[in-house]
Amino acid sequence: MVMKRRDFIRGTAALGAVSTIAAPQLWFKNSGLARAQNGEIKVGVLFSLTGTTGIIEESLNKATILAIEEINAAGGINGMQIVPVVEDPASDPATFAEKARKLVMSDGCVSVFGSYTSASRKAVLPVFEKRENLYWYPTLYEGRECSKNVIYTGAVPNQQQDEFIPWLVQNFGKKFFLIGSNYIYPQEENNYCKKLLEGLGAEVVNEEYVPLGHSEFSSVISKIKSTEPNVIFSTVVGDSVVALHRQYLAAGLDPAKMPMASLTTSENEVAAMGGEAAAGHFTSAPYFMVHKSPENEKFVSAYQARWGADKVTHFVSEPSYFQVYLFKQAVEKLAASDITPPTIREAVKGAEMIAPQGKIRIEKDNLHTWLWPKIAVAKADGQFEVLVDSKEWLAPDPYAAYPDQKCVEAGLTNI
Ligand code: ACM
């Protein structure tokens, strides 16, 4: 068997018998690895509290902090407390990268929980890959990525669209208007949508992208009026979700005839826009606040007790919460002297737990999550009514839109 240099380094480092004299580069690599020390497990919390996606990321911060506080109050992990280091990257990918470097290199965090947009995840990825650290990403995203340094706990396109698109065609018709924010997530998500539509004999009457933070949708509304689609498929994010819905309502458009179907509109954006602007529009996601389970009742009541009775939970804050418990489950298996990002990653592969949405699992081959897709309609009271609830959890397929590509090609076999 030919052993690659990388495998050799990993093998010898695992033995813990590396001589700094015989192999200084191995000592350097090992010493750069973040690890838990002094009875503390330091983690980064990297969600924007300001800027255009602060509207949603602030709630991801809150769900993460809640889980950390609960775990610490119950005795920590094997008697060690989790110490969160919180940073605000202000919805700016370059600031995300700068803060990620600080958390990993200066603070010595053994994992970082963070990001809403794929633009910010892409910006921090080189930091985690170069430093062999671990990023826990709770957001729905476009797939086509499979880093061994990221645990992906949000939905990928097959988990939001496989059931949703045929359901929309069947219930509303075959003319789709695609509107998204202008970056990788909406573009890739729309690529998958177009493949599904093609297979159903449906058509795209317009595909449009607006800058992040865009708030003036009059020309989009005019095009919607002139093209008369059956469905407006929306992947706009952040503040823009609120502006789009309000301007749709003000233009007198009717969701019963021409609804918006979204992958990004949650209870959080609905609270910001007001129930009237949201009512009658559809979202596909693995979690809604109204979900009935003992775990969800506990999550919602703890969240509201901690952050305010008027606060909502949603399909990105739920993974933000449960992924901290997955982290705990993984770290619990390790000796105190052995808590490093790579050992945590090994321990989380194939992990299962009962999350608020139901039983979830981290797929060992791609580090994405098995989830429970649902289709729901927004109501004027700010909550959703679930119309289609999956009977089975669904495996993540990060390369659903690209069947000729696989995680092995993206490097995960190197784990
Ligand atoms: C996203 O950018 N993944 C919503």
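The values are calculated or read from the model by the stated rules, or taken from the named source; none is laboratory data. From a predicted model like this one, the values you see are computed outputs, not experimental measurements. No Cβ is skipped: glycine too gets one built from the backbone with ideal geometry, and neighbour counts run over all protein chains shown. Ligands, DNA and RNA are excluded from the accessible area calculation, which covers all protein heavy atoms including side chains. Shrake-Rupley method; radii C 1.70, N 1.55, O 1.52, S 1.80 Å.
Per residue, how many Å² of accessible area does the chain show with a 1.4 Å probe?
Roughly 39 Å² per residue, with all protein chains present.
Can you give the longest stretch of the chain with no exposed loop site, where a site means trypsin sites (Lys or Arg not before Pro) in a DSSP loop (not H, G, I, E or B) with at most 12 other C-beta atoms within 10 Å?
5-256
If you average the sequence gap of Cα pairs under 8 Å that are 6 or more apart and divide by the length of the chain, what percent do you get for the contact order?
That works out to 18 percent.
Put one equal scatterer on each alpha carbon of the range 360-412, apply the Debye formula with no solvent term, and list log10 I(q)/I(0) at q = 0.26, 0.31 1/Å to two decimals.
Log-scaled intensity ratios, in q order: -0.99, -1.14.
Straight-line reach from Lys349: which aspartates and glutamates have a Cα under 13 Å away, not including same-chain ones fewer than 8 places off?
Glu363, Asp365
What share of Cα pairs, in percent, lie more than 12 angstrom apart in the range 84-142?
61 percent
Tell me, which cysteines of the chain are without a disulfide-compatible partner by the Cβ under 4.7 Å rule?
By the Cβ distance rule, which asks for a partner under 4.7 Å, the isolated cysteines are Cys109, Cys193.
If you take the Cα atoms of the range 238-284, find Rg, then find the Kirkwood Rh from the mean of 1/r over all pairs, what is Rg/Rh?
Working: Rg = 9.5 Å, Rh = 10.5 Å.
Radius of gyration relative to Kirkwood radius: 0.91.
Give the Debye-formula value of log10 I(q)/I(0) at each listed q (0.06, 0.11, 0.12 Å⁻¹), with one equal scatterer per alpha carbon of the chain, two decimals each.
Reported log10 I(q)/I(0), two decimals: -0.24, -0.79, -0.93.
Provide the FRET efficiency to the nearest 0.05 for the Asp381-Lys359 pair, computing r from the beta carbons and using R0 = 41 Å.
Working: r = 29 Å, r/R0 = 0.71.
For Asp381 and Lys359, the calculated efficiency is 0.90.
How much net charge surrounds Ile232 when only other residues with a Cβ under 13 Å from its Cβ are counted (Lys, Arg +1; Asp, Glu -1)?
0
Based on alpha-carbon atoms only, what is the radius of gyration of the range 65-199 relative to the globular estimate 2.2 N^0.38 Å?
The value comes to 1.29.
Classify the range 275-414 from the C-alpha gyration tensor, please: rounded if a/c falls under 1.5, else prolate or oblate depending on whether a/b exceeds b/c. Each step should come with its number before you reach the end.
On the way: a/c = 2.64, a/b = 1.41, b/c = 1.87.
Here the range 275-414 falls in the oblate category.
Of the heavy-atom accessible surface of the range 286-397 (probe 1.4 angstrom), what whole percent is carbon and sulfur?
For the range 286-397, the apolar C and S fraction of the accessible surface comes to 54 percent.
Counting helices only, and only those DSSP H runs with n ≥ 4, report the 222 nm mean residue ellipticity of the chain as the sum of -39,500 (n - 2.57) divided by its residues, in deg cm²/dmol to the nearest 500.
-12000 deg cm²/dmol
Counting only protein heavy atoms and using a 1.4 Å probe, what share of the accessible area of the range 27-166 belongs to carbon plus sulfur, as a whole percent?
So the carbon and sulfur contribution to the accessible surface is 52 percent.
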